[in-house]
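Presented below is the structure to which this report refers.
The values are calculated or read from the model by the stated rules, or taken from the named source; none is laboratory data. Here the structure is a predicted model, which is why all the values come from computation and not from measurement. Here the Cβ positions follow ideal geometry from the backbone for every residue, glycine too, while neighbour counts run over all protein chains shown. Accessible surface areas use protein heavy atoms only, side chains included; no ligands, DNA or RNA. Shrake-Rupley method; radii C 1.70, N 1.55, O 1.52, S 1.80 Å.
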Amino acid sequence: MRTLGWATGSIPDRHFGDTPVALPVAGGQNLPVTVERCDQCGFDGEDWDDATAIEAVVGLPARWVEAVSGLTSNDSHRRPVADMWSVAEYADHVREVLFSMRFLLDTAVAQPGADLG
């Protein structure tokens with residue numbers, strides 16, 4: 001599993017891989033999906049399986065508490081350099097991603113076959 005290193009000095013430039021990956025679905029079919037990668041922070045969706053992702057998400061609250069304990073509001077909103085997100089911006093990004101993931105998972109379970117775009 002790859003660790004995320006955001007202290008490299010600029011806002012992550014997220015993009016999707018060029019090669020679709022087969023995603024197994026009910027009925028034994030495989031749907032092509034693109035895998036998200038971020039050159040800035042080193043995230044590569046192909047490095048994650050379901051169990052590892054679940055373990056990482058479950059551990060997020062404790063990791064965030066540890067990461068921000070002792071920071072003042074000014075510290076958490078300050079950008080270390082002009083083109084790098086603040087701690088608060090990274091936290092908000094994680095919140096948005098997790099909300100989106102929950103919405104997609106809830107929709108997939110409630111409406112099998114729904115177009116999740």
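So for segment 40-56 (the condition being open to solvent by less than 90 Å² (accessible area, probe 1.4 Å), at negative phi and in contact with a Pro (Cβ under 7 Å, 6 or more places away or on another chain)), does at least one residue qualify? Yes: one or more hits.
For first residues located in segment 77-90 and of a type in the set (Phe, Trp, Tyr), partners that are open to solvent by 60 Å² or more (accessible area, probe 1.4 Å) and lie 6+ apart or on another chain with Cβ distances below 6 Å form the pairs Trp85/Ile11. Exactly one residue among Gly42, Gly9, Gly5, Gly70 is farther than 20 Å from Phe99 by Cβ, at pLDDT 85 or above and in a loop (DSSP other than H, G, I, E, B), and that residue is Gly70. When segment 73-90 is filtered for residues that are assigned to a helix (DSSP H, G or I) and modelled with pLDDT under 90, only Tyr90 remains.
The number of residues in segment 57-99 being among the polar types (S, T, N, Q), out of contact with any His (no Cβ under 6 Å at 6 or more places or on another chain) and open to solvent by less than 60 Å² (accessible area, probe 1.4 Å) comes to 1. Across segment 16-39, the number of residues qualifying as more than 19 Å from His93 (Cβ to Cβ) and either at pLDDT 80 or above or hydroxyl-bearing (Ser, Thr, Tyr) (or both) comes to 2.
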